[in-house]
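Worksheet: one structure, shown below.
The values are calculated or read from the model by the stated rules, or taken from the named source; none is laboratory data. Just so it is clear, the structure is predicted and the values come from calculations on it, not from any experiment. Glycine also receives a Cβ, built like all others from the backbone with ideal geometry; neighbour counts cover every protein chain displayed. To get the accessible areas, we keep the full protein, side chains included, count just its heavy atoms, and leave off ligands, DNA and RNA. Shrake-Rupley method; radii C 1.70, N 1.55, O 1.52, S 1.80 Å.
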Amino acid sequence: MISASNPNSMMSSSSTTGNNNAAGSGQQAPGLKTYFKTPEGRYKLKYEKSHPAGLLHYAHGKSVTQVTLAHLKDKPVHALSSSSSSIGISSGVKSAAAKFLGGGNGSRALSFVGGNGGSKSSSGTTKVGSLSSSYTNSYTPNSNFDGKGTYLIFNVGDAIFISDLNSQDKDPIKSINFSTSNPISHAFDPDAKDGHDLLIGLNSGDVYSVSLRQQLQDGGKKLVGAQHYNKDGCVNNTRCTSIAWVPNGDGTFIVAHADGNMYNKDGSGDPSFPVIKDQNQFSVSHARYSKNPIARWHICQGSINSIAFSSDGAYIAIVGRDGYLRVFDFKTEQLICGGKSYYGALLCCTWSTDGKYILTGGEDDLVQVWSMEERKIVAWGEGHSSWVSGVAFDSYWSAPNSDGTSENVVYRFGSVGQDTQVLLWDLEMEELVVPMRRAPGGSPTMSTGSQSAHWDHAWPPGTLRPAPSMRDVPKLSPLVVHRVHTDPLSGLIFTQESVLTVCREGHIKIWARPTSSTEPNSDSSLSATTLKEKPKLGYRQ
């Protein structure tokens, strides 16, 4: 574990509260700050979201809270008649296609591409909590739902909660309960044409696709109009560790499982696949007769921890328990590049909006920046004192005084970890200094000699690289370090108006962005940081 306290980091400071019952009352815990400062101004704690205060369940703590941001576009809301109450059963589900990631023997590994399950209609009401494969057709209308808005979807224990992002109410507006298995992962497709736009993966391996709009219109606490995949783990009975819609994929989605395999599903039936002979080798097997799943991708031995698509859907990044980042061409099913962490598993990954860079974080307490052009690590960030559990680019941020015409692009990104801290970083490629090769027994030099071996040549496509020496890769220092929760963090999301941080116990904080770039900084006790005084970019000695 790397313990890094950086004198160049801006440590936030502000007034604190003294309420010892912060979690239950919604007030700040002792020692926590209500804002943090950046060169462009203060990020202020606006409000918080959480599960109901009385939620106590035997399964609480067995799953880590994740948050999905869902924006429902303004659509006319029609009263659901008996013929339309199966929204997504015939029209929505038919566009759902899923690909799944998992990892043990092929006969038990699962990940599906949701298929044309819409042809299977059923009557009556099904208790989804019992993991039935039929649909829930009856519902209790919710007259308060207006059919549009931005919502937070998050899992705690055996329930999915939905909160209105633009409301200051702390409690959720909707809860969905599962009686036999905890929801673990979820994803929302804002561009779903009809019907099902929300995916939910369970600890049991089961997967559901539903209409978020229909869940909000229903006043009950069970899923309605759900399509059920991998019922009772019939294809793969391992945990759904991550789930994602394929961008521009016409309803295709990917599910990652804890056993290291990936599958495509778009039909009926459970095909058999050949036994995986070498668990350490990547392989793809396709099912005959286009059954569902139609293909199995064996990624690695051990759990897949996170998956992320480039914005155009051309590439998928996968990180796992074995500590490797793997980047695949999604269409050709070919490994493009990848490499090893410095230590332990990689836990999270994400893409820059332009598809040029990938961030990873994991058990080595570091944030790594990968370049798709270079196909290698181009920078690593030190600042967390425990595992890095979430990373994200801030696509809404732009450098102050930037007119957008400069060739030198500055990327802002954030990371959160089990150290309860959020870190903000600036990546400016023109400022990265490529370390030079050391002479045997000599000291590092930036002015003489040849470039470090890490930069000598591009590796062949499809090569998994070992972790380079830390002194061969430029080091980033965080711009901001701020403790935001009392519990370990599990993720963060950037929106146009705010930054969201979430802890693994289900508490979410919404931090409002600075109102202006010229906001005064009157607190002289803070170590002021300006754009001219950014943390230095260097290399490890």
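Worth a mention:
- Once the Cα gyration tensor of the stretch 325-378 is diagonalised, semi-axes √(5λ) in Å: 19, 13, 10
- Ratio of Rg to Rh over the stretch 296-393 (Cα coordinates, Kirkwood Rh, two decimals): 0.94
- Each of Glu428 and Ser395 was given a label point 7 Å from its Cα along the Cα-to-Cβ line. The distance between the two points is 2.4 nm.
- Extending 7 Å from Cα along the Cβ direction at Asp171 and again at Thr34 yields two label points whose distance is 2.5 nm.
- Summed residue charge, Cβ within 11 Å of Trp511's Cβ, Lys/Arg positive, Asp/Glu negative: +4
- Label-to-label distance for Thr353 and Gln496 is 1.1 nm, based on points extended 7 Å past Cα in the beta-carbon direction.
- Segment Cys234-Ser469, length gained on full extension (0.36 nm per residue, minus Cα span): 80.2 nm
- For the stretch 298-392, the fraction of 1.4 Å probe accessible surface lying on carbon and sulfur atoms is 44 percent.
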